[in-house]
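The values are calculated or read from the model by the stated rules, or taken from the named source; none is laboratory data. Values in this document were obtained by computation on a predicted structure and should not be read as measured data. Cβ: placed from backbone, ideal geometry, glycine included. Neighbour counts: every protein chain shown.
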């Protein structure tokens with residue numbers, strides 16, 4: 001988990017703001033997700049070595065490679081932490097072109113939750129002023145056997161994120 005600060009004060013993260021998230025999925029699930037995230041990042045940076053990761057990561061990498069082979073991706077930002085002057089921070093997994101369209105992508109190793117759409121809206125807001133420019137938002141769910149590419153297209157997701165952020169003192 002990342003910690004973000006602005007003008008010397010700790011600010012909430014995009015994930016913190018989406019407060020329907022259970023506090024803990026458990027250390028094991030968290031470690032599993034982190035390992036998968038690190039491995040996909042290493043793959044995108046041409047630095048992936050299977051021996052550097054637990055065996056459970058391998059099928060997720062195979063599935064991620066299938067996603068990359070199916071969709072033309074050109075990342076412009078990978079896991080770059082950002083802080084908004086509005087008073088929140090976050091780290092989008094990927095920003096760039098997917099099938100020639102600019103998108104923010106969040107990689108998930110768990111199950112679908114409605115707050116994932118609010119989360120991608122928050123990541124999108126981190127990279128633009130209001131109103132945000134046209135950028136697609138996607139959650140990529142990786143399981144050991146397949147991927148699910150879910151587009152978040154409801155503009156209400158931004159309002160939901162902003163309402164939750166304001167309730168936490170963010171100046172949006």
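Here are some notes:
- Residue 153 being in contact (Cβ under 8 Å) with a residue 60 or more places away in the chain and surrounded by fewer than 21 Cβ atoms within 10 Å (Cβ to Cβ): no
- Near pairs, Cβ below 7 angstrom, 6+ apart or cross-chain, from the range 41-56 (touching a residue at least 40 places away in the same chain (Cβ under 8 Å)) to any residue that is surrounded by 10 or more Cβ atoms within 10 Å (Cβ to Cβ) and part of a helix (DSSP H, G or I): 56/32
- Residue under evaluation residue 21, criteria (1) in a loop (DSSP other than H, G, I, E, B); (2) at pLDDT 95 or above; (3) touching a helix residue (DSSP H, G or I) at 6+ places or on another chain (Cβ under 9 Å), criterion not met: (2)
- Among the residues making up the range 81-101, those that are more than 20 Å from residue 68 (Cβ to Cβ), crowded, with 16+ Cβ neighbours inside 10 Å and more than 13 Å from the chain's Cα centre (by Cα) are 83, 84, 86, 87, 88.
- Selection status of residue 58, under 16 Å from residue 147 (Cα atoms), more than 17 Å from the chain's Cα centre (by Cα) and modelled with pLDDT of 95 or more: yes
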